[in-house]
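The values are calculated or read from the model by the stated rules, or taken from the named source; none is laboratory data. If you're wondering where the values come from, they're calculated on a predicted model, not measured in any experiment. Here the Cβ positions follow ideal geometry from the backbone for every residue, glycine too, while neighbour counts run over all protein chains shown.
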Amino acid sequence: MKSAVETLNPTRVRLTVEVPFEELKPSLDAAYKKINQQVTVPGFRKGKIPARVIDQRFGRGAVLEEAINDALPKFYTDAVNEGELNVLGQPDVDITEFNDGDELKFTAEVDIRPTIEIPDYSGIEVTVDAVEVTEEDVDASIEQLRDRFASTSAVDRPAAEGDVVVVDLEASVDGEVLEDGVATGVSYTIGSGQLLDGIDEAVTGLEKGGSATFTSELKGGSAAGREAVVKVEVSDVQERELPALDDDFAQLASEFDTLEELRADSRKRLERVKSYDQATQAQEKVLDALIELTEVPIPEKLLKDEIESRVHNLEHHQFPQLGLTWEAFLEREGKTREEYDAELEAQSVKGIKTQFILDELVNKEKLSVNQEELTEHLMRRAATSGMTPDQFAQAVVEGGQVPVLVGEVARGKALAVVVEASKVVDTNGDVVDLSDDEEDEEDASGETSEAAAESAEPADAVEDASEDAPAKG
């Protein structure tokens, strides 16, 4: 086999491959064997039909076609390895010449990872928000905790904002009650915005036993996205009563004996969360600066495929789950389709550039991922996926996604190298120390803080930028 590589542009090449006919013999033998197992010829046992009979009965062309289909992937791979190419995606193959007994000639055009020169990044300087926790922040945190321990008691008066109402709901579309549009005994806090649009206005002022109707666009179910007439009946009105802010509350809601201790702990936890947010902000800004400094050609086909993949995910996964159409989605986003497409393309370009640059850094810095780092990353990803670590690990292994996780960790380490070499200051002009903090990430109630959990991952900026970005093909 002979092969040659022609560079079409910095991200695409054409391979020209010539294969002597004798090198096709293993694939020809395999083709005869495969056809032998698939067909029946009177007078011959299955699997024992001579090649000349197969040629006569089914045509030599069918055998040659089967042999070429079997041989092309191998010869293509050999040519890629011979040319030391780092290919992306599937090739466009064209058989340019082939006759029975003569050599096979074909071309294959394919995208490749561009050669990237990593610039000197030691001069990168970014500014991030200072870590400042105000008394108002602490107050808000304590109020959230206090709200969790609120009690309710039935009242004999019209419902008002902040009250809990127990309601029965019946949704109709075009005069027909929906099978999945009936719910009873639903508890709802007026003003929370956690149910249907229009329900706050409908139930405000109603007493126990009162009813009203309102129209609302359904967010899910069989009539998602359609306008429905909803009948609501109030079976109970309850007033929420917050516990007094005192030492008894501190003992009820936490492991602390005094309110002062609880406030001090809340401040500490808020500072930790803001420190994680600050670290994530630093990663994102340093990454943006690195991308700005680095010239990265983008393969056109790869970009097209990436955009199509993201649109497909929207239309076939997110939209059905949320009961959205393109029209409703764009209205919610406040964008035209053209504006959204431009934004989507920019996100895709950034994702591809991020992966290319950081993968190059991984190779340049000879970074590797050990089992402990992979396990820690898996645990964090499991926590955000809603699965247990065992469930997530099983899904990763069964889906063949272990290399993807390894790549995420490696790129996170590459970004950490750049962040460490950069100068990060806060809005007060103070240099920020981004050394790892192994302290506990639980909030004042003893539950994991979502903000802390989201910010704790060193590779957050990488995952956000390169989400769904293609890996090496």
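In the set (1) of a type outside the set (S, T, N, Q); (2) assigned to a helix (DSSP H, G or I); (3) crowded, with 16+ Cβ neighbours inside 10 Å, GLU376 fails one condition alone, (3). Of the conditions (1) under 34 Å from the mean Cα position of the chain (by Cα); (2) under 30 Å from ASN428 (Cα atoms), GLU136 clears all except one; give me its number. Condition not satisfied by GLU136: (1).
Looking across the stretch 169-199 at every residue that is acidic (Asp, Glu) and under 34 Å from the mean Cα position of the chain (by Cα), the one that is farthest from SER222 (Cα to Cα) is identified as ASP197. None of VAL126, VAL203 is surrounded by 17 or more Cβ atoms within 10 Å (Cβ to Cβ) and touching a residue at least 60 places away in the same chain (Cβ under 8 Å) except VAL126.
Give ALA223, ALA212, ALA253 a once-over and let me know the one that is closer than 18 Å to GLU143 by Cβ and surrounded by 13 or more Cβ atoms within 10 Å (Cβ to Cβ). Please lay out each step first, then the result.
Values: ALA223 fails: closer than 18 Å to GLU143 by Cβ; ALA212 fails: closer than 18 Å to GLU143 by Cβ.
Residue meeting the stated conditions: ALA253.
The residues listed here are ILE68, ILE118, ILE142, ILE95; of these, the one that is among the aliphatic types (A, V, I, L, M) and in a loop (DSSP other than H, G, I, E, B) is ILE118. Taking the criterion of being modelled with pLDDT of 95 or more, among the aliphatic types (A, V, I, L, M) and not in a helix (DSSP H, G or I), no residue of the stretch 323-364 qualifies.
For (1) among the hydroxyl-bearing types (Ser, Thr, Tyr); (2) over 18 Å from GLU82 (Cβ atoms), each residue gets a yes or a no:
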site: SER3; (1), (2): yes, no
site: THR7; (1), (2): yes, no
site: GLU18; (1), (2): no, no
site: TYR32; (1), (2): yes, yes
site: THR40; (1), (2): yes, yes
site: LYS48; (1), (2): no, yes
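Of GLY191, GLY225, GLY221, all but one fail to be outside any strand (DSSP E or B) and more than 22 Å from LEU330 (Cα to Cα); the exception is GLY191. Among the conditions (1) surrounded by 14 or more Cβ atoms within 10 Å (Cβ to Cβ); (2) in contact (Cβ under 8 Å) with a residue 12 or more places away in the chain, the only one that ASP55 does not satisfy is (2). In the stretch 306-318, the residues that are more than 13 Å from TYR340 (Cα to Cα) and without any contact (Cβ under 8 Å) to a residue 12 or more places away in the chain form Cβ pairs under 8 Å with partners that are surrounded by 14 or more Cβ atoms within 10 Å (Cβ to Cβ) and of a type outside the set (Val, Ile, Thr), at six or more places apart or across chains, as follows: GLN318/LEU324. Tell me, please, whether a residue that is exposed (fewer than 14 other Cβ atoms within 10 Å of the Cβ) and in contact with a strand residue (DSSP E or B) (Cβ under 6 Å, 6 or more places away or on another chain) can be found in the stretch 134-152. Among the residues of the stretch 134-152, at least one is exposed (fewer than 14 other Cβ atoms within 10 Å of the Cβ) and in contact with a strand residue (DSSP E or B) (Cβ under 6 Å, 6 or more places away or on another chain), which makes the answer yes.
Could you check the stretch 73-95 and list, in sequence order, the residues that are in contact (Cβ under 8 Å) with a residue 40 or more places away in the chain and in contact with a Ser or Thr (Cβ under 7 Å, 6 or more places away or on another chain)? Correct list: ALA79, GLU82, GLY83.
Among the residues of the stretch 71-92, the ones that are part of a helix (DSSP H, G or I) and in contact with a Leu (Cβ under 6 Å, 6 or more places away or on another chain) come to 2 in all.
Out of all the residues in the stretch 299-315, is one or more more than 19 Å from the chain's Cα centre (by Cα) and outside any helix (DSSP H, G or I)?
Yes.
Between ALA395, ALA382, the distinction of being surrounded by 16 or more Cβ atoms within 10 Å (Cβ to Cβ), in contact with a Ser or Thr (Cβ under 9 Å, 6 or more places away or on another chain) and free of Cβ contacts under 8 Å to residues at least 12 places away in the same chain belongs to ALA382 only.
Is at least one residue of the stretch 4-27 among the basic types (Lys, Arg) and in a helix (DSSP H, G or I)? Yes, the stretch 4-27 contains a residue that is among the basic types (Lys, Arg) and in a helix (DSSP H, G or I). Only residues that are closer than 17 Å to ASP341 by Cβ and hydrophobic (A, V, I, L, M, F, W, C) were counted across the stretch 268-301, and they come to 1. One residue stands out in the stretch 1-32 among those that are surrounded by 13 or more Cβ atoms within 10 Å (Cβ to Cβ) and of a type in the set (Lys, Arg): the one that is farthest from ARG113 (Cα to Cα), namely ARG14. Can you confirm whether GLU136 is more than 30 Å from VAL286 (Cα to Cα) and not assigned by TED's automatic domain parsing to the domain that holds ALA30? So GLU136 passes the test.
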